[in-house]
Amino acid sequence: MMVIDESTDIAGHDSWRTAAAMALRNAANYRRILNGTFIGDKPLEAYSQLYYLDPQIVYEWSYYAFQSHFAIMGGYEVRGHGTQVLGYRNLDELSAMIDSVSYKKRKSEVDLPPKTYLVKDVVLSEKTKKVYNNIVLDIRTELDNGVITADQAMTKAVKLRQVTGGSVFDDEHNAVKVGSEKINECMHMLRQIGNASVLIWCQFRPDIARLGEAIQAAGYTVAEYHGDVKPSDRDMMKDQFNNKEIQVLIIQNDSGYRAITLNAAEWVFIFSNPERLLVRTQLEDRPHRIGQSKNVTYVDFIVRGSYDEVIKESHAFKKDVADYVMWKEGETKNQYVKRRVLRLL
């Protein structure tokens, strides 16, 4: 038997990890996958995971046949085919594919306390707004003049996320401080909640450093967990946090969103919302795991009218699609099972 835990690791159809899993799959008589987030950012992530279990589940289609069946493609064309996903279709059938080979359990069926969500509005100063708006103007000008594509514009938009946090990288990759509005709101909320244990999720290293300095200066015990911290030191920080030896743990999104338990947290501050819904879902669950007995409150620090809101709206859309695929039930499931049986016969 071959079991893959966190099976979204093979969701990328052309990744080396997926290729390795596919090469090994034939050596196992039985194959299983485990995951708390089967579909993270798009329904097409289901393909490799289902193909690994049994190619018959996806009619032995190639990835591109699967994509053509379930996605509406458009945008820039290669050999007459669109390269951008504009929407999805036939999701009832995809839901039936997944249902036919899965055992699912909702979070509400597990003995865990509820999550509470709050949004803290952040207002930028006129100086910071000017920096933000100038970056928007530059991106729009390059896009209108055909200097960059829409995909390249989205890549450049990372600077907008940096500005809302208070720092931006210049062309020489040096961090330049542009404001402290979000840090100030974070500190205000921290003072309000008293002695509770707090996790702060943050994407950019300059923001982590500035937050750490502000929190330490205010008299709190704090640790900074990021990619440059040795694994042994990361383990020590996790233990210190869970044992209440430090009150605030600042974690870089990409460094700590998986496979760790931080049930000591009562509050979670989302200083930098990750672009990927999968990362957001996983980091939310670090303090919301079996053994958690306290209510956990999540606070999003958002600059209204900024790229912060674009990310939040994108998450809402992706979650709606994923929930539809994972939990919808209906006659289509029976139609799919019948079709698959006929193919096998």
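The values are calculated or read from the model by the stated rules, or taken from the named source; none is laboratory data. Not measured: the values here are computed from a predicted model. Don't worry about glycine lacking a Cβ; one is built from the backbone with ideal geometry, like all the others, and counts go over all protein chains shown.
See the values below:
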read-out	value
Check on residue 123, more than 30 Å from residue 293 (Cα to Cα) and touching a strand residue (DSSP E or B) at 6+ places or on another chain (Cβ under 8 Å)	yes
Among residues of the stretch 252-267, those that are of a type in the set (S, T, N, Q) and touching a strand residue (DSSP E or B) at 6+ places or on another chain (Cβ under 8 Å), counted	3
Pick from the stretch 1-52, criterion of a type in the set (Asp, Glu) and in a helix (DSSP H, G or I), ranking: farthest from residue 71 (Cα to Cα)	9
Residue 268 being in the same structural domain as residue 229 (by TED's automatic domain parsing), more than 25 Å from residue 167 (Cβ to Cβ) and at pLDDT 90 or above	no
Top-ranked residue of the stretch 260-279 - restricted to ones that are touching a Gly at 6+ places or on another chain (Cβ under 9 Å) and not basic (Lys, Arg), ranked as surrounded by the most Cβ atoms within 10 Å (Cβ to Cβ)	271
Matching option when the condition is touching a helix residue (DSSP H, G or I) at 6+ places or on another chain (Cβ under 6 Å), of a type outside the set (Asp, Glu) and either surrounded by 11 or more Cβ atoms within 10 Å (Cβ to Cβ) or at pLDDT below 95 (or both), among 147, 110, 163, 119	163
Residue within the stretch 244-259 that is closer than 19 Å to residue 193 by Cα, exposed (fewer than 15 other Cβ atoms within 10 Å of the Cβ) and among the hydrophobic types (A, V, I, L, M, F, W, C) present	no
Filtered residue count, the stretch 126-137, keeping only those that are charged (D, E, K, R) and either surrounded by 14 or more Cβ atoms within 10 Å (Cβ to Cβ) or in contact with a strand residue (DSSP E or B) (Cβ under 6 Å, 6 or more places away or on another chain) (or both)	1
Residue in the stretch 160-172 that is within 22 Å of residue 273 (Cβ to Cβ), assigned to a strand (DSSP E or B) and in contact with a Cys (Cβ under 9 Å, 6 or more places away or on another chain) present	no
Residue match in the stretch 310-324 (condition: of a type in the set (Ser, Thr, Tyr) and in contact with a Phe, Trp or Tyr (Cβ under 7 Å, 6 or more places away or on another chain))	no
Residue pairs meeting the criteria (Cβ under 6 Å; at least 6 apart or on separate chains; first farther than 29 Å from residue 264 by Cβ and of a type outside the set (A, V, I, L, M, F, W, C), in the stretch 292-308; second modelled with pLDDT of 95 or more and surrounded by fewer than 17 Cβ atoms within 10 Å (Cβ to Cβ))	304/121
Qualifying residue in the stretch 206-223 (condition: surrounded by 15 or more Cβ atoms within 10 Å (Cβ to Cβ), over 22 Å from residue 298 (Cβ atoms), of a type in the set (Gly, Ala, Ser) and not assigned by TED's automatic domain parsing to the domain that holds residue 74)	yes
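Each row is one residue, and each column tells you yes or no for (1) without any contact (Cβ under 8 Å) to a residue 60 or more places away in the chain; (2) within 12 Å of the chain's Cα centre (by Cα).
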residue	(1), (2)
249	yes, no
252	yes, no
258	no, yes
267	no, no
271	no, no
277	no, yes
285	no, yes
